[in-house]
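Below: the structure, in C-alpha cells.
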Amino acid sequence: MSESETAFTGSKEPVLLEVEESARGNIQADVVRMTQSAAGKIDSETVHLEQSAAQAINAVNADLSQSAAMQVNAENAIVRDSILTVARTGALSVEDSAVGVVMAQGAHLQNSAAGVVVSQRVDTHNTRTLVLIGRQIHGDVETVLDPRGALLLGLGLGAAAGIVSFLLGLIRRTDRRKSFRE
C-alpha cells in the first residue's frame, strides 16, 4: 500500500479500515482498527488500537488497549494498559496506564500515573501525578506538586536564578576592572 492511505467514500456508510501486523504511514478512514501495528497520523471518526502504536490520533472516539501514542486529540478517549505522551480530550478515561500531559474537560484516572493533568473535573483512584490542576477533584491521588508546593518551587527557582545572576554580574565587573588596570 501507499505511504498515506485514505479510506473515505462519498456515501453515507462508514468505511472501516482494519490493519493487522503491519506498519503504515498516515491513515484516514471513518473507522480504524489496528492490531499489532504501527501508523504515523490517524484521522478518523473512531480509532481502536490493540497492541499498536501511533504518532498522532485525531478522532471523535479513541480506544487504546496495550498501545502507545505520542498525541491523542479526541472528544472521547479510553486508555487501558497504554502509554500516551499528550492527550487533549473532552472526556478521558485512563486505567493502568501512563500519560505525560492531560488536557481534558473531564478525566477519570485509575491505577495510573501522569505528569501534568489539567481538567475541569478529575476523578481518581490510586493515581500519581506530578502536577494536578482542576476545578473539581475527587478521589485519592498522590501529587508531587500541589498549589503550595508549586508556589514554593517557583519562589525557590526564582531566588536561585537571582543569586546566580548577581554572582555572574560580580564576576563580570571584577574581570572588567582587571582589564582596565592592564
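Here is how the numbers come out for the structure above:
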quantity	calculated
Sole exception among (1) without any contact (Cβ under 8 Å) to a residue 24 or more places away in the chain; (2) over 21 Å from VAL99 (Cβ atoms) for GLU50, by number	(2)
Test for ASP30: is it in the same structural domain as LEU109 (by TED's automatic domain parsing) and at pLDDT 95 or above	no
Wholly enclosed strands (runs of 3 or more DSSP E) of the range 71-182 bearing at least 2 residues in the same structural domain as ASP43 (by TED's automatic domain parsing), among the acidic types (Asp, Glu) and out of contact with any Cys (no Cβ under 7 Å at 6 or more places or on another chain)	113-145
Matching residues, the range 79-126, being crowded, with 21+ Cβ neighbours inside 10 Å, hydrophobic (A, V, I, L, M, F, W, C) and over 23 Å from THR35 (Cβ atoms)	VAL102, ALA104, ALA107, LEU109, ALA114, VAL117, VAL122
Test result for ALA23, assigned by TED's automatic domain parsing to the domain that holds GLY106, closer than 26 Å to GLN105 by Cβ and either at pLDDT below 90 or buried (at least 16 other Cβ atoms within 10 Å of the Cβ) (or both)	no
Yes/no for ASP140 being in contact with a strand residue (DSSP E or B) (Cβ under 9 Å, 6 or more places away or on another chain), acidic (Asp, Glu), over 22 Å from ILE83 (Cα atoms) and without any contact (Cβ under 8 Å) to a residue 24 or more places away in the chain	no
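The values are calculated or read from the model by the stated rules, or taken from the named source; none is laboratory data. Owing to the predicted nature of the structure, the values given are computational and were not obtained by experimental measurement. Quick reminder, even Gly has a Cβ in these numbers, built from the backbone with ideal geometry, and neighbours come from all protein chains shown.
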